[in-house]
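Let me begin by presenting the structure, written as structure tokens, before commenting on it.
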Amino acid sequence: MLDILRSIIQEVNAARNLDQALTIIVERVKSALLVDVCSVYLVDQDSGELVLMASDGLLPESIGFVRLKFDEGLVGLVAQRAEPINLDNAPDHPRYRYFPETGEEWYHAFLGVPIIHHRQVLGVLVLQQHAEYRYDEDMVTLLVTIAAQLAGAIAHAEASGGIDGLQGKRRLDGYPLKGMPGAPGVAIGRAVVVHPHADIDSIPDRPVEDVVAEQDRFMAAIGAVKRDVRAMVDNISDALPNGDSALFDAYLLMLDSDSFIGGVLDNIRGGNWAPGALRVVATEHIRAFNEMEDLYLRERAEDVRDLSRRVLQQLQQKQKQGKGDAYPRNTVLVGEEITASMLAEVPPARLAGVVSVRGSSTSHTAILARALGIPAVLGVDDLPVARINEMDVIVDGYSGRVYVNAPSGVKREYKRLKKEEQELSNELQELRGLESLTEDGIRIPLYANTGLVSDIRPSIESGAEGIGLYRTEFPFMIRERFPGEEEQRQVYRQVLEAFAPRPVTMRTLDVGGDKALPYFPIKEDNPFLGWRGIRITLDHPEIFLAQIRAMLKASVGLNNLQLLLPMISTLSEVDEALSLIRRAYHELLEEGEAVVLPKVGAMVEVPSVIYQIEPLARRVDFLSIGSNDLTQYLLAVDRNNARVAGLYDSLHPAVVHAVRLVVEGARNHRVPVSVCGEMAGDPAAALLLLGLGINSLSMSASSLLRIKWVIRSFSRRRARTLAKKVMEMEDPQSIRRALQGALEKEGLGGLVRAGK
Ligand code: PEP
Ligand code: MG
């Protein structure tokens with residue numbers, strides 16, 4: 001049954017529109033569960049009524065016509081209660097309502113379960129039977145499981161249908177899609193849908209003009225894959241026992257098969273581009289294999305997927321070489337998942353905004369978007385990715401709203417807000433040369449977070465007093481192996497030189513969790529609780545020592561290096577790291593290098609160290625709060641998971657109290673505390689951090705002038721009074737409201753919403 005369920009969901013996800021998705025659901029559920037009727041009712045967003053959208057069993061003329069309010073009929077009762085209703089003879093029930101157009105007088109047994117997505121009832125899934133009969137417990141739980149699994153797919157199909165179908169047109173016109181704010185700002189531009197290279201599921205349809213040229217392009221890709229497969233066979237056939245290379249024969253057969261190749265060519269003839277046509281045909285084949293009873297044949301589905309990926313890779317390579325104008329001016333990059341490398345592929349002058357189904361405000365994509373000053377909304381799980389290529393899109397990076405083909409009134413308003421924003425940002429430039437001083441004369445140095453060499457210029461131009469967090473993962477990520485000591489030294493030297501004499505805080509390698517190195521894969525069930533940051537580098541002292549040596553050597557003659565240790569959860573990790581740092585230092589001295597021992601700090605991002613903050617402070621020269629991970633670990637909310645993104649908030653009272661404990665503990669040992677997580681660049685949070693007694697802040701360069709404006713507009717005393725009030729609040733919403741209210745009152749409202 002699990003297999004059937006899985007294959008139904010796969011098919012629904014691959015459906016071209018909402019109608020097709022619903023038809024698949026009713027037909028497949030009816031035949032899998034051997035019932036007489038299966039129907040889906042969906043809530044019409046405008047009228048609030050439940051509409052019969054699809055049925056296998058009821059009379060076709062009733063589809064689209066039967067409508068019930070939540071207080072009408074049994075279907076309405078299921079939606080009203082948001083609970084299953086299981087009856088052996090429905091007509092006996094007082095809420096039973098008869099619709100002659102359905103022909104349902106024949107049916108007695110009734111089982112209805114709600115379809116719920118993000119706590120909202122989307123509709124009702126109903127089974128009916130001629131006989132008077134009570135569905136057993138297993139059937140009820142099975143249908144609940146099916147409805148729960150289908151809810152996401154239906155929500156997605158509803159949004160996708162949104163562009164094509166009638167149902168969705170009503171939903172989308174004027175209705176924004178909702179995600180999480182990823183990077184502030186407003187973008188008005190054109191959607192360019194991108195997909196991970198060689199991931200067939202997320203390839204969009206696109207019209208093609210020259211059908212013959214597109215067919216040739218596809219056949220050339222097939223030819224190239226055939227050559228690759230033959231080369232593979234030659235390569236390994238000596239090493240394989242006879243017969244084992246037969247798998248590759250199957251590949252070659254498929255590459256010649258009429259149903260596969262012919263199917264794609266036909267689809268291209270219908271006007272779709274080659275990657276889209278390949279997706280259509282490959283999905284059909286994968287589904288057909290998945291449905292087979294025979295395990296061997298079912299596994300062939302993976303072969304089709306693998307083969308299609310190879311063909312796609314060929315098509316994408318050709319496309320990349322041939323197309324310089326893939327990104328128009330005002331490109332809004334849209335995708336299931338936008339990675340850092342996808343962002344990097346777009347010429348910066350053409351990139352206006354970013355919208356992605358996955359990710360949240362502290363995912364590394366969001367951090368990169370903020371560093372580039374590009375408005376971003378992430379975690380838009382109803383985004384109709386496959387449908388919106390080349391459509392007009394508005395991205396509101398403050399509220400997390402995305403408008404597709406917005407009505408002219410909305411567009412006009414956003415144009416106005418964007419203009420105001422530009423004016424505000426010009427005004428902020430005047431703060432560049434000014435000190436980051438509170439009204440009562442307290443200096444709060446503002447530093448920049450960087451990771452790419454290309455970040456250096458914007459950081460210097462923003463007036464940063466140094467680098468508060470240099471994420472060393474990026475130079476490691478863009479290579480095909482661990483960079484050597486000399487290679488690293490050169491990269492680090494560039495950064496240290498660019499900022500000297502201002503301090504540069506370099507964090508030792510923090511991979512694992514959501515930051516993977518392509519050449520060092522780590523497979524774990526719980527990567528964020530696993531082998532990450534300092535845990536990896538202490539287990540591999542050769543990697544740690546090479547990095548420390550490279551950093552110390554890079555700082556020779558400049559001496560503006562500070563070291564920062566990530567993911568500290570236990571004091572012994574600090575002791576071990578310090579001892580390795582000292583070892584590297586002494587070795588280099590012996591080698592005749594004029595190195596100096598830098599200041600060393602620890603990141604506070606795992607809750608355990610908050611309860612050992614004093615002994616931790618005693619061991620180091622400074623502390624830096626990584627509020628992104630601290631929030632994730634304190635609240636047990638994955639920072640990248642859109643499903644729980646609503647729970648992720650660095651203004652949660654628990655996080656605020658944790659910051660206070662750290663500041664107080666560190667103060668007892670005269671150890672300065674900085675915040676280098678995204679909280680530091682959030683104007684409302686920065687005001688609170690000022691009041692909590694933080695000594696410095698480090699953020700992406702694009703936020704720096706905004707935060708300087710906050711610091712210069714308040715006194716520490718006033719901020720402290722506000723912080724005291726906030727500490728008594730019990731939920732993040734009240735805290736945010738209080739802080740934003742204070743900013744708004746001071747005339748700084750333009751920092752937390754679109755407009756001035
Ligand atoms: C943090 O966790 O807050 C932090 C600054 O580190 P990263 O975002 O790189 O994990
Ligand atoms: Mg972190």
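The values are calculated or read from the model by the stated rules, or taken from the named source; none is laboratory data. Just so we're clear, the structure is a prediction, and the values are computed from it rather than from any experiment. Glycine also receives a Cβ, built like all others from the backbone with ideal geometry; neighbour counts cover every protein chain displayed. Quick note on the areas: whole protein, heavy atoms, side chains included, nothing else; ligands and nucleic acids left out. Shrake-Rupley method; radii C 1.70, N 1.55, O 1.52, S 1.80 Å.
For the reader, a short list of remarks on this structure follows.
- At full extension, Met727 and Gln316 could sit 142.6 nm farther apart than now, given 0.36 nm per residue minus the alpha carbon distance.
- Kirkwood-type hydrodynamic radius, the stretch 374-493: 18.6 Å, calculated from all non-identical alpha-carbon pairs.
- 5 Å-binned pair-distance histogram of the stretch 595-661 (Cα, whole percent): 4, 17, 26, 19, 14, 10, 6, 4, 1, 0
- The stretch 625-746 shape via C-alpha gyration tensor axes, a/c threshold 1.5: rounded
- Couplings for the stretch 33-47, taken from phi via the Karplus curve 6.51 cos²θ - 1.76 cosθ + 1.60 with θ = phi - 60°, read 9, 6, 10, 7, 9, 10, 9, 10, 10, 10, 7, 7, 4, 6, 8 Hz in order; Gly and Pro are left as x.
- FRET E, pair Asp525, Glu591, Förster distance 25 Å, beta-carbon r, rounded to 0.05: 0.05
- Here the scattering of the stretch 37-161 is modelled by Debye summation over its C-alpha atoms, one equal scatterer each and no solvent; at q = 0.13, 0.21 Å⁻¹ the log10 of I(q)/I(0) is -0.46, -1.29.
- With θ taken as phi - 60° and the Karplus curve 6.51 cos²θ - 1.76 cosθ + 1.60 applied, the whole-hertz 3J(HN,Hα) list for the stretch 73-87 is x, 5, 4, x, 5, 4, 5, 4, 7, 6, 9, x, 10, 10, 10 Hz, x standing for glycine and proline.
- Accessible surface of Lys553, taken over heavy atoms with a 1.4 Å probe and every protein chain present, rounds to 40 Å².
- Per-residue SASA entry for Met342, accessible area with 1.4 Å probe, Å² rounded to 10: 20 Å²
- The 3J(HN,Hα) values that the Karplus relation (6.51, -1.76, 1.60; θ = phi - 60°) gives for the stretch 680-685 are, in residue order, 4, x, 9, x, 5, 5 Hz. Gly and Pro appear as x.
- Between helix 2-14 and the chain: long-axis angle, C-alpha atoms, 0 to 90°, nearest 10: 80 degrees
- Taking Cα atoms only, the orientation of helix 571-590 departs from the longest principal axis of the chain by about 60 degrees.
- The Cα-based radius of gyration of the stretch 622-665, divided by its Kirkwood radius, gives an Rg/Rh of 1.01.
- For the chain, the normalised intensity computed at q = 0.05, 0.06, 0.08, 0.11 Å⁻¹ comes to -0.31, -0.45, -0.79, -1.27 (log10 of I(q)/I(0), Debye sum over alpha carbons, equal scatterers, no solvent).
- Of the GluC sites (Glu not before Pro) in the stretch 525-616, the ones in a loop by DSSP (not H, G, I, E or B) with at most 15 other beta carbons within 10 Å are Glu591, Glu593.
- Area projected by the alpha carbon convex hull of the stretch 575-690, averaged over all directions, nm²: 8.8 nm²
- His652 accessible area, 1.4 Å probe, all protein chains in place, Å² to nearest 10: 60 Å²
- Three principal axis extents of the stretch 56-126 based on alpha-carbon atoms, in descending order, are 34, 26, 20 Å.
- Quotient of C-alpha Rg and 2.2 N^0.38 Å, computed over the stretch 431-566: 1.15
- Around the amide H of Glu336, modelled in the peptide plane, lie the amide H atoms of Val357, all under 5 Å away and 5 or more residues distant in sequence or on another chain.
- Kirkwood estimate for the stretch 565-617, i.e. one over the average of 1/r between Cα atoms, Å: 12.3 Å
- In whole percents, the pair-distance distribution calculated for the stretch 529-616 from its alpha-carbon pairs, binned every 5 Å from zero, is 3, 14, 25, 23, 17, 11, 6, 2, 0.
- Neighbour-limited loop hits for chymotrypsin sites (Phe, Trp or Tyr not before Pro), the stretch 422-483 (at most 14 other Cβ within 10 Å; DSSP other than H, G, I, E, B): none
- Each principal axis of the Cα cloud of the stretch 688-744 was evaluated for its coordinate range; sorted largest first, these ranges are 32, 22, 19 Å.
- Förster radius 30 Å - calculated FRET efficiency between Ala344 and Glu461, Cβ distance, rounded to 0.05: 0.90
- The chain: angle of helix 704-713 to the longest principal axis, Cα-based, in degrees nearest 10: 70 degrees
- Scaled radius of gyration (Cα, divided by 2.2 N^0.38 Å) that the stretch 530-579 gives: 1.21
- Largest-first principal axis extents, alpha carbons of the stretch 4-66, Å: 34, 25, 16
- Antiparallel bridges, percent of DSSP beta bridges restricted to the chain (to nearest 5): 55 percent
- A simple spin-label model places pseudo-atoms 7 Å from Cα toward Cβ; at Leu437 and Glu105 they are separated by 8.9 nm.
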